[in-house]
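**Student:** For reference, the structure I am asking about is given below.
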Amino acid sequence: MNRRRMIAALAATALLGAGGWLAAGSATQQPAATALAMAAPPVAQQPGSAPAPAAGPGPRRVRDPAELAAQRELWQQRLARSQQVRDAYAAATRYPPESRPAAEHGDQLHPGRPVQETMPLRMPGAPAKDGFQLRTSQDRIYLQGDAAVRLSVAAVDDTGQALPLAVTRAIAHEAAQGQQRASRYGQVDVSFRDDGQNGDAQAGDGELTLRWQPATQGFAELDGLIRIELSLQSGEQAGYAYFDVIYTPAAPATWLPGTREVVQDGSLNLLLKLQVQQAGRYVISGRVDDANGKPFALVGFNDTLAAGTRELALPVFGKLLRDGQPAFPLTLRDVTGFLLHEDRFPDRALLAAREGKVYTTRSHVLAEFSNAEWQSEERSRCLTEYDKDVAQAEAQLRQLGEPATVAGP
């Protein structure tokens, strides 16, 4: 996702609540029919829309073979569409939201991977000039406590060749949200460099880098949005860029040692411990790789936690294991999480990320796990409605297949 659009969306609305965390902002690539089925469960007829086919007395009995064939063709199409939607929904919901195949969430598998963008090098409101492009990189958007962010900028021509670039001014300041108010935090000068130090990968390569830590730069108590603004110059071409980071000074909960696993209700639960200081809804996600290092699942927790020592489960669903047949042992890595703040910005208070390997499971045989599909009240209700659509189309086709004896009005 585009970094600037991501920040704007987060500033405008809080994260989706329970049940929506895996889908929000994700780049899941699903078949069109599957996505449609998940996005549009059966709904009542809306006022002003075309009426649904009546389920009452059935089609008019006709003698005209051409008209009869046309009606059969129409209901065959409706039957095929109903079956397709029902089957797509059933397939898309056979695993629970908190235990999904890694392939569905490629954008969430590597949370520390930099966000990179290319844009014209220009001043705000000025037209773009051929031959000048700006490349930016930001390794994280959310920061908590003593965490630091790595930012970089470079100028290139239209062929990708590096151009000279100078940062003539760079400042960091609180970015106001909602009602304008005076900031309690002063503007701070920052320095981008190309000397191979302080986060810069290689001296003299044309990429200017800043490794920046809000807690040591006068923002230790800020809970909100910080903007780093840059004035740039490449030859005679001036430009402007900015980076946004969302900062949480103190974690609402801290991780405790003692990760363990248990096979429960046919699934493999990975249990983590938290010392919860602030009660509320916590959204936790972890990445599970197989023994060959191949991403297998995105697992999560989305529920309320009371204050105190708590243990939460990140489930690897049984049927997902049976269908995917990963090589054991599995590895849980890169666990991230936050306390959700609804209807405000920032919409979350971050937990410290547990980067890298967190836990490695024992070896298991697939027979230990259930092959049953996930069930919920909502899933059952939706499948019932989809089955009604299929049954109606089948019933209409059966009636159309009977000998026509009465033409009717």
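**Student:** If you take just the strands (runs of 3 or more DSSP E) that sit entirely in the stretch 197-283, which of them hold at least 2 residues that are open to solvent by 30 Å² or more (accessible area, probe 1.4 Å)?
**Tutor:** Numbers: elements: 208-212, 224-234, 237-248, 253-264, 267-276.
Correct list: 224-234, 237-248, 253-264, 267-276.
**Student:** A follow-up question, please. Looking only at the stretch 160-172, count how many residues are open to solvent by less than 50 Å² (accessible area, probe 1.4 Å), more than 23 Å from Gly186 (Cβ to Cβ) and touching a residue at least 60 places away in the same chain (Cβ under 8 Å).
**Tutor:** Initially, the stretch 160-172 is screened for residues open to solvent by less than 50 Å² (accessible area, probe 1.4 Å), giving 160, 163, 165-167, 170-172.
Imposing the further condition that a residue be more than 23 Å from Gly186 (Cβ to Cβ) reduces the set to 160, 163, 165-166.
Within this subset, residues satisfying the condition of being touching a residue at least 60 places away in the same chain (Cβ under 8 Å) are 163, 165-166.
The number of residues fulfilling the criteria is 3.
**Student:** Which residues, counting only those in the stretch 391-408, are in contact with a Leu (Cβ under 7 Å, 6 or more places away or on another chain) and either small (Gly, Ala, Ser) or at pLDDT 90 or above (or both)?
**Tutor:** Going through the stretch 391-408, the residues in contact with a Leu (Cβ under 7 Å, 6 or more places away or on another chain) turn out to be 393-394, 397, 400, 404.
Matches in the stretch 391-408: Ala393, Glu394, Leu397, Ala404.
**Student:** Working carefully through the options Arg348, Arg344, find the one that is surrounded by 13 or more Cβ atoms within 10 Å (Cβ to Cβ), more than 15 Å from Gly286 (Cβ to Cβ) and modelled with pLDDT under 95. Write out each step before concluding.
**Tutor:** Values: Arg344 fails: surrounded by 13 or more Cβ atoms within 10 Å (Cβ to Cβ).
Within the list Arg348, Arg344, the selection yields Arg348.
**Student:** Looking only at residues in the stretch 142-159 that are part of a loop (DSSP other than H, G, I, E, B), farther than 16 Å from Thr209 by Cα and in contact (Cβ under 8 Å) with a residue 24 or more places away in the chain, which one is least open to solvent (accessible area, probe 1.4 Å)? Talk me through it step by step, then tell me what you get.
**Tutor:** If we filter the stretch 142-159 for residues that are part of a loop (DSSP other than H, G, I, E, B), which is where we start, we get 145-148, 157-159.
Those still in the list that are farther than 16 Å from Thr209 by Cα too: 145-147, 157-159.
Those left that are additionally in contact (Cβ under 8 Å) with a residue 24 or more places away in the chain: 145-147, 157-158.
Details: Gly145: 11, Asp146: 119, Ala147: 27, Asp157: 41, Asp158: 101 Å².
If we take residues in the stretch 142-159 being part of a loop (DSSP other than H, G, I, E, B), farther than 16 Å from Thr209 by Cα and in contact (Cβ under 8 Å) with a residue 24 or more places away in the chain, then Gly145 is least open to solvent (accessible area, probe 1.4 Å).
**Student:** Being more than 22 Å from the chain's Cα centre (by Cα) and crowded, with 24+ Cβ neighbours inside 10 Å is the filter here, so list the residues in the stretch 290-320 that pass it.
**Tutor:** Correct list: Gly318 only.
**Student:** Can you tell me which residue is farthest from Glu221 (Cα to Cα) among those in the stretch 244-276 that are within 25 Å of the chain's Cα centre (by Cα) and among the small types (Gly, Ala, Ser)?
**Tutor:** This residue is Ser267.
**Student:** Within the stretch 87-102, identify whether any single residue is hydroxyl-bearing (Ser, Thr, Tyr), assigned to a loop (DSSP other than H, G, I, E, B), closer than 30 Å to Leu222 by Cβ and open to solvent by less than 70 Å² (accessible area, probe 1.4 Å), and answer yes or no. Don't jump to the end; show me each part of the working.
**Tutor:** Initial filter on the stretch 87-102 (hydroxyl-bearing (Ser, Thr, Tyr)): 89, 93, 95, 99.
Next, only the ones that are assigned to a loop (DSSP other than H, G, I, E, B) stay: 93, 95.
Remaining after also requiring closer than 30 Å to Leu222 by Cβ: none.
The answer is no; no qualifying residue exists.
**Student:** Let me ask something else about it. Scan the stretch 352-370 for residues that are hydrophobic (A, V, I, L, M, F, W, C) and either modelled with pLDDT under 95 or surrounded by fewer than 18 Cβ atoms within 10 Å (Cβ to Cβ) (or both) and jot them down. Steps first, please.
**Tutor:** At the first step, the residues of the stretch 352-370 found to be hydrophobic (A, V, I, L, M, F, W, C) are 352-353, 358, 365-367, 369.
Once the filter is applied, which keeps residues that are hydrophobic (A, V, I, L, M, F, W, C) and either modelled with pLDDT under 95 or surrounded by fewer than 18 Cβ atoms within 10 Å (Cβ to Cβ) (or both), the stretch 352-370 yields Ala352, Ala353, Val365, Leu366, Ala367.
**Student:** Now a separate question. Assess whether Pro326 counts as being open to solvent by less than 30 Å² (accessible area, probe 1.4 Å), closer than 12 Å to Leu268 by Cβ, modelled with pLDDT of 95 or more and in a loop (DSSP other than H, G, I, E, B). Show your work before the answer.
**Tutor:** On the way: open to solvent by less than 30 Å² (accessible area, probe 1.4 Å): yes; closer than 12 Å to Leu268 by Cβ: yes; modelled with pLDDT of 95 or more: yes; in a loop (DSSP other than H, G, I, E, B): yes.
Judged against the criteria, Pro326 is a match.
The values are calculated or read from the model by the stated rules, or taken from the named source; none is laboratory data. Note that the structure is predicted; figures quoted are calculated from it, not measured. Glycine gets a Cβ as well: all are built from the backbone with ideal geometry, and neighbour counts include every protein chain shown. Just so you know, the surface numbers come from the protein's heavy atoms only, side chains and all, with ligands and any DNA or RNA stripped out. Shrake-Rupley method; radii C 1.70, N 1.55, O 1.52, S 1.80 Å.
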